[in-house]
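What follows is one structure encoded as structure tokens, with my remarks underneath.
The values are calculated or read from the model by the stated rules, or taken from the named source; none is laboratory data. Predicted model, so just to flag it, every value in this text is computed and none were measured. With ligands, DNA and RNA removed, areas are computed over all heavy atoms of the protein, side chains included. Shrake-Rupley method; radii C 1.70, N 1.55, O 1.52, S 1.80 Å.
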Amino acid sequence: MAEAQSIEAHPVETQETVEDQDVMPNVPQWLFDPLVPEAERGRYTNDIVAALKTVFDPEIPCAIYELGLIYKVDIGDDRLVKIDMTLTAPGCPVASEIARSIEAVVGAVPGVLGVTVAVVFDPPWDQGRMSDEARVSLDMF
């Protein structure tokens, strides 16, 4: 007698994660709507990273990207970018200034139609998220 086969339904993913074999500790999770063409994904990634590297924490002489403060970048098919970031300390007095700077520089990337920044504290930031570049610039080796 033939055995019945089990068929499982799997929900359709609305976003695709970019996988990188050699992920650095400061690299955020990248999510792209499946409707964003593959050819555009690399350009968006490179241009947004370059933009984020121009935003510095005013209290720490280092780019927020290199500090590992950017946790997630989510790009929708409408070319709206949602960024989850954290702070080195929950009571950071310049949090809104940093968020506004991110909105301005990422919003200037060609093809980006809008940016929202959410400050999150889970997982909490630690020095292990910093890139080697940040460690060198802060003399933390």
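Multiply the residue separation of residue 89 and residue 136 by 0.36 nm, subtract the distance between their alpha-carbon atoms, and state the gained length in nm to one decimal.
Details: separation 47, 0.36 × 47 = 16.92 nm, distance 2.08 nm.
Length gained, residue 89 through residue 136: 14.8 nm.
For segment 28-105, what is the Kirkwood hydrodynamic radius in Å, using each pair of distinct C-alpha atoms?
On the way: mean 1/r = 0.0763 Å⁻¹.
Result for segment 28-105 stands at 13.1 Å.
When the solvent-accessible surface of protein heavy atoms is calculated with a 1.4 angstrom probe, in what order do 96, 131 fall, highest first?
I get 96, 131, largest accessible area first.
Just check segment 75-141 against the gyration tensor rule for me: Cα atoms, a ≥ b ≥ c as the square roots of the eigenvalues, rounded for a/c under 1.5, and otherwise prolate or oblate depending on whether a/b exceeds b/c. Intermediate results must be reported in sequence, preceding the final value.
Details: a/c = 2.14, a/b = 1.72, b/c = 1.25.
It comes out prolate by the Cα gyration axes.
What number, in percent, do you get for the relative contact order of segment 56-125 if the mean sequence gap of Cα pairs under 8 Å and at least 6 apart is divided by its residue count? Can you show the working numbers first?
Values: 90 pairs, mean separation 23.8, N = 70.
34 percent.
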